Amino acid sequence: MDTELSEKDKFIARDLSWLMFNHRVLCEALDEGNPLLERLKFLAIFVSNLDEFYMVRVAGLINLKEADANKMDRFGYYPQELLERVDQEARDLIGRLYEIYQGILLKELPGEKITIAKVPDFRKEQKRFIKEYFETILYPIISPLAVDPGHPFPVLPSKTMAFAVRVKRRGETYLAIVPIPKNIPRVFRLPSGKDEYHFILVEDIVREHLDAFFKGYQIEEFTLFRVVRDSEFDIEFDIEEETTPNLLKTIEGEVKKRTLAKVVYLEVEERSSQELLIMLCGCLDFPERRVVRIGSHFDLTYLLEMVKLIDKPELCYRGYVPAKIEFDNIFDKIKEGDFVVHVPYQSFDPTVELVRAAARDENVLAIKMTLYRTSRDSAVIAALNEAAANNKQVTILVELRARFDEENNIKWARELEMRGCHVIYGIPGLKVHSKMTLIVRKEEGRIQRYVHLSTGNYNENTARVYSDIGYFTANEDFAKDISDVFNVITGYSNPPQWKRIVCAPYDMRKYLLALIDKEIRSQKRNKNGAITAKFNSLEDIEVIEKLYEASRAGVAVRLMVRGICCLVPGVPGLSEHIKVKSIVGRFLEHSRVFVFHNNANPRVFLSSADWMRRNFDRRIELVFEVSREEIKSHLREILEFYWKDNVKSWQLTPERTYKKAEAKDDRLNAQERLIKYYGGTQ
């Protein structure tokens, strides 16, 4: 039947699917089952997500359109067609965002003695406090910038807010820009009574005092505006000629270019005049028809900053202490047998302790590790520095192209290098996305190797809010494979025949397709083909087509796809045996776990990779099979919790919409259940 269907019928365009995901995030702000301050956080996450979407995905569509790339994509869309559809759906979501925000702002926060207001709405003593703050802090920092033949329109980095001001003197009209500084807190708490929280945003303080910057001039009109710029790198590598030092310099150069990149999103105040808008669009080279007018506060990511200032724990998720895995010596613990750690339900401590113990143990000879994203005050980085100081052989691959963490990673890379670590800055043409650590230790006159593999990053902060699984093993086959992977990454070595892992971009897609083919054969012979998989995104066309083939053969396919899903489930004759769910809740579901029924002898896999073309073709990724029965059983039980969730799950329908679960009795919130399952204390 699929030959009769067009690409638009068979697939959901990646960018449209992503907007559906962000809509699910937005709905968490509407869910009164979430504590009030947590709902504000979801509004902020939605805005942060949307900014990144414009900076990368919309920017790419604009570039294709301007290059006259009139070519249909894999999902059946032309660039201009998709750009118009994306713009409209994003506008609809932004409209919904502010409906929810205004409802919370006006109806719910005041009941908790929390207000975010403008200067005229405050009491006399609070206004006096605001005036003093402006005169002593803001006025000395802010520089109004004239726009005229001698003063070009200022460079405004991405996500900058500024006032565009038209001023008049002696019959002449001038334009000036007043940028809102980013190096001071955006949220200002005013003196107030007990348990009261009155806030004002810095731009509203500036708004009230704009005339202070234009003495001798009359302000005719002004508008607040915000720009978001293209942030995707434009790097072409000659793999034969590119060298590691040049890669570092290239990434540094591209990061600097972001300040001058094309504006891809512009929002202005709803009341902005058409004349001022035309002037602004002309200066920014931005099409007027794509401007988004906002009738409330800009950039609601400020809510994350504000929530930290409010001491009302009853308005937040109930705290808990992750379950701890007890051990005296991490190396002895690993040698007892393979084990997994499921964060944030279990403590991230064993991962940190593995690196810290390796740094201090006199028998450890070498540490090899990949770093994709890490926290600012990282205990892992500190341990690696300590290891180098203790004369260990420390080899670190720092992936500089972890999007929007490039500057942070460059900083850590240089610091590690200065401390004596061997630092690899990535591989030209490939992004190293696999998360792996190899510890080489001398024990009783021989070499013993310890391995840690993970579905997530070596980041203590995200380990508190991202659901990921780390795997610890001293298995020699694993150790040999990971040693070989590091040799491929750090030197000149062709990939060998792996024993325990499968690696992208070499053979991961082929291996996955073969696993699905095996379930198809099992279904035809024994009527028991089944696949259960949990990951972040499903976008690879070859894999989707193979899943459609499996469905037509009768294989039962259950997919838990948090974000992008380009597959359409439940379509008769195409995907009627495929079900797709998405869980969006307290924690960001980030783990990748795959189960293939294998004729009633299930095979269980963990991976760093989603089922996306970039993961299969343009990244170093790992997938590996779990062989220890108790871990396999444990992981399958976890997947069943997720699949049975009827509180935070959404089901993708054949009509390409997501329907929220509506539990009445026997409510199962998988994330809350897992806190109890692991014994986390609340």
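What are the residues in segment 62-71 that are out of contact with any strand residue (DSSP E or B) (no Cβ under 9 Å at 6 or more places or on another chain) and either crowded, with 16+ Cβ neighbours inside 10 Å or not basic (Lys, Arg) (or both), if any? Residues satisfying the conditions are Asn63, Leu64, Lys65, Glu66, Ala67, Asp68, Ala69, Asn70. Residue count for segment 134-162 satisfying the condition of being under 30 Å from the mean Cα position of the chain (by Cα) and either of a type outside the set (S, T, N, Q) or over 29 Å from Thr301 (Cα atoms) (or both): 6. The set of residues in segment 117-126 being assigned to a helix (DSSP H, G or I) and either modelled with pLDDT of 90 or more or not assigned by TED's automatic domain parsing to the domain that holds Arg186 (or both) consists of Lys124, Glu125, Gln126.
Conditions tested, residue by residue: (1) in contact with a strand residue (DSSP E or B) (Cβ under 8 Å, 6 or more places away or on another chain); (2) more than 30 Å from Asp361 (Cβ to Cβ).
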site: Asn461; (1), (2): no, no
site: Asp468; (1), (2): yes, no
site: Tyr471; (1), (2): yes, no
site: Ile489; (1), (2): yes, no
site: Asn494; (1), (2): no, yes
site: Val502; (1), (2): yes, yes
site: Arg509; (1), (2): no, yes
site: Ile516; (1), (2): yes, yes
site: Ile520; (1), (2): no, yes
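Within segment 6-40, the residues that satisfy the criterion of being of a type in the set (Lys, Arg) and out of contact with any Asp or Glu (no Cβ under 9 Å at 6 or more places or on another chain) are Lys8, Arg24.
Among the residues of segment 643-657, those identified as under 19 Å from Phe587 (Cβ atoms) and not small (Gly, Ala, Ser) are Trp643, Lys644, Asp645, Asn646, Val647, Lys648, Trp650.
Screening Lys41 with (1) out of contact with any strand residue (DSSP E or B) (no Cβ under 7 Å at 6 or more places or on another chain); (2) part of a helix (DSSP H, G or I); (3) at pLDDT below 95 gives one miss only, at (3). Identification of strands (runs of 3 or more DSSP E) wholly contained in segment 127-219 with 1 or more residues that are at positive phi, modelled with pLDDT under 95 and basic (Lys, Arg) yields no element. Close contacts from segment 19-41, counting a first residue that is of a type in the set (D, E, K, R) and a second that is part of a helix (DSSP H, G or I), with Cβ to Cβ under 6 Å and a gap of 6+ residues or different chains, come to Glu28/Phe42; Arg39/Ala29. Within segment 463-473, one or more residues are buried (at least 19 other Cβ atoms within 10 Å of the Cβ), among the polar types (S, T, N, Q) and modelled with pLDDT of 90 or more. Among residues of segment 170-195 that are more than 19 Å from Phe134 (Cβ to Cβ), those with a Cβ under 6 angstrom from a residue that is part of a loop (DSSP other than H, G, I, E, B) and at pLDDT 95 or above, sequence gap 6+ or separate chain, pair up as Asp195/Lys113. Among residues that are surrounded by fewer than 16 Cβ atoms within 10 Å (Cβ to Cβ), charged (D, E, K, R) and not assigned by TED's automatic domain parsing to the domain that holds Met612, Arg74 is included. Is there a residue being polar (S, T, N, Q), assigned to a helix (DSSP H, G or I), touching a residue at least 60 places away in the same chain (Cβ under 8 Å) and farther than 30 Å from Val557 by Cβ anywhere in segment 432-451? There is no residue in segment 432-451 that is polar (S, T, N, Q), assigned to a helix (DSSP H, G or I), touching a residue at least 60 places away in the same chain (Cβ under 8 Å) and farther than 30 Å from Val557 by Cβ.
On the basis of being closer than 21 Å to Val291 by Cα and in contact with an Asp or Glu (Cβ under 8 Å, 6 or more places away or on another chain), does Ala90 make the cut? No.
In segment 422-442, of all residues being of a type in the set (A, V, I, L, M) and within 15 Å of Asp617 (Cβ to Cβ), the one that is farthest from the chain's Cα centre (by Cα) corresponds to Ile427.
The values are calculated or read from the model by the stated rules, or taken from the named source; none is laboratory data. Being a predicted model, the structure only gives us computed values, none of them experimental. All Cβ positions, glycine included, derive from the backbone under ideal geometry; neighbour counts span all protein chains shown.
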